[in-house]
Amino acid sequence: MDGEWAKADAALGELRTMLDDATSLKVPHRRLFVDIEMRFLLLEQKYLELLESGLAMEALTCLRSQVTPLQHNMERVHQLSSLMFMSNPEELRSAAHWSGQGKESRKQLMDRLQHFLPPSIMLPPHRLETLILQAVEQQKTQCSYHNSYSDNQVLGSGGSLLMDHSCPPNAFPGTTTQVLSDHCDEVWIARFSPDGTKLATGSKDSTVIIWEVDPESLTVTRRFTLDGHSYGVVYLAWSPDSSKLIVCLQEEAAELMVWDTERGEQICKVSNSPDDSLTCAAWHKDSRRFVCGGMRGQFYQCDLNGQILDSWEGVRVQCLAIQNDGKTVLASDTHHRIRGYHFEEVQDHNMPVPAGPLPRTAQHRRHKEVHRTAVTVWLPYKVKIK
């Protein structure tokens with residue numbers, strides 16, 4: 001941290017013997033890469049500081065006799081050599097994407113060096129902070145009344161680490177701010193978009209209404225009505241980018257629709273056979289592909305042209321989700337299982353689940369329940385079907 005480069009290089013030499021004993025660096029080529037990368041980062045900092053201090057000859061010597069012989073990251077070496085022609089320190093820092101000589105840039109260098117060191121040698125950066133945040137996240141999952149709207153005060157009960165996090169019952173949304181009565185029949189499902197700017201409601205009257213959410217007043221205004229569906233709407237799936245919506249209909253329907261929620265226009269329709277039943281769906285991360293299925297054994301992967309890219313026969317799907325890896329599709333079925341499916345590799349496997357029947361999603365509940373034609377919006381961004 002004091003800019004004593006000879007001592008820093010000697011310290012790196014001492015670390016090499018520790019790296020030889022590190023379990024995660026037993027592979028020789030990996031150990032060699034780490035050794036050279038760490039030296040490169042150290043010498044890069046030295047070179048930039050010499051340049052900023054106006055010591056051009058010393059910087060050139062460092063570049064020629066120490067950095068270049070490493071034969072590492074030559075593209076960056078060429079960039080560093082071009083910095084010799086910078087006319088002033090400000091231009092140098094801007095071209096190098098570097099904060100300049102001082103404690104801040106050296107601290108950043110230390111963080112980058114620590115990234116290559118196993119925890120047995122040096123603790124990762126901000127390890128204590130990471131552990132505390134993990135503990136807080138765990139407490140939030142156990143909090144019965146946790147409200148994400150107040151996540152700016154998640155430490156303890158009021159922003160403190162002196163006690164465990166616990167939301168009081170009165171922190172849970174309980175104030176009616178608006179009642180929406182635009183549907184003509186029972187409201188079966190309501191979903192906020194991932195970005196929180198839109199609300200979609202689906203009804204037995206075969207329509208979907210898209211509402212704009214005002215972030216200040218936390219109220220909604222009607223924007224579009226999506227109609228033309230042949231049956232009541234039982235499930236809605238927002239794309240990750242909040243620009244598209246999949247509309248699934250009752251089990252008797254053999255189709256589903258995908259809508260552009262920015263323009264209120266239909267993008268495509270998936271309809272493969274009059275015997276199909278497509279009552280649930282889930283999006284891939286790219287918002288360009290999705291999977292859909294139903295209780296009659298249909299299980300498809302589709303694109304935005306409505307084309308079926310892949311299919312999996314004989315799976316009676318109740319609910320769908322896609323894991324963060326973007327490849328594994330999770331599907332709950334009528335055999336009380338959750339299975340993972342890889343369409344590209346044509347592989348499937350069981351996922352561990354609690355014993356007993358799996359909870360069904362809203363679209364598979366028997367429509368004998370009593371629903372009214374209104375939606376109550378609760379503060380903040382909580383919806384309850386009346």
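Counting only protein heavy atoms and a 1.4 Å probe, tell me what percentage of segment 74-134's accessible area is made up of carbon and sulfur. Reported share for carbon and sulfur atoms: 58 percent. Here Lys204 is the anchor, and the aspartates and glutamates within straight C-alpha reach of less than 17 Å, apart from those fewer than 8 places off in the same chain, are Asp182, Asp185, Glu186, Asp227, Glu251, Glu252, Glu255, Glu369.
Beyond 18 Å between alpha-carbons counts as too far, so tell me which of Lys244/Lys285; Lys140/Lys198; Lys244/Lys269; Lys46/Lys107; Lys285/Lys327; Lys46/Lys103 fall in that bin. Kindly include the intermediate steps, with their values, before the conclusion.
Details: Lys244/Lys285 12 Å; Lys140/Lys198 26 Å; Lys244/Lys269 13 Å; Lys46/Lys107 14 Å; Lys285/Lys327 10 Å; Lys46/Lys103 13 Å.
Violating the 18 Å Cα-Cα cut-off are Lys140/Lys198.
Report, to the nearest whole %, how much of the accessible area of segment 143-286 belongs to carbon and sulfur atoms, 1.4 Å probe, protein only. Ligands and nucleic acids excluded, carbon and sulfur give 45 percent. Stokes-Einstein diffusion of segment 138-267 at 10 °C, 1.306 mPa s viscosity, Kirkwood radius from Cα pairs, rounded to a whole number: 95 µm²/s. Peptides 46-53, 94-101 ranked from most to least packed, by the mean per-residue count of other Cβ atoms within 10 Å: 46-53, 94-101. For segment 55-205, the solvent-accessible area of protein heavy atoms averages 61 Å² per residue (probe radius 1.4 Å; ligands and nucleic acids excluded). On a per residue basis, segment 246-314 carries 41 Å² of accessible surface, using protein heavy atoms and a 1.4 Å probe.
The values are calculated or read from the model by the stated rules, or taken from the named source; none is laboratory data. Quick caveat, the model's predicted, so the values are computed rather than measured. Here the Cβ is made from the backbone with ideal geometry for all residues, glycine too, and neighbour counts use every protein chain on show. Surface accessibility is based on the protein's heavy atoms, side chains included, excluding ligands, DNA and RNA. Shrake-Rupley method; radii C 1.70, N 1.55, O 1.52, S 1.80 Å.
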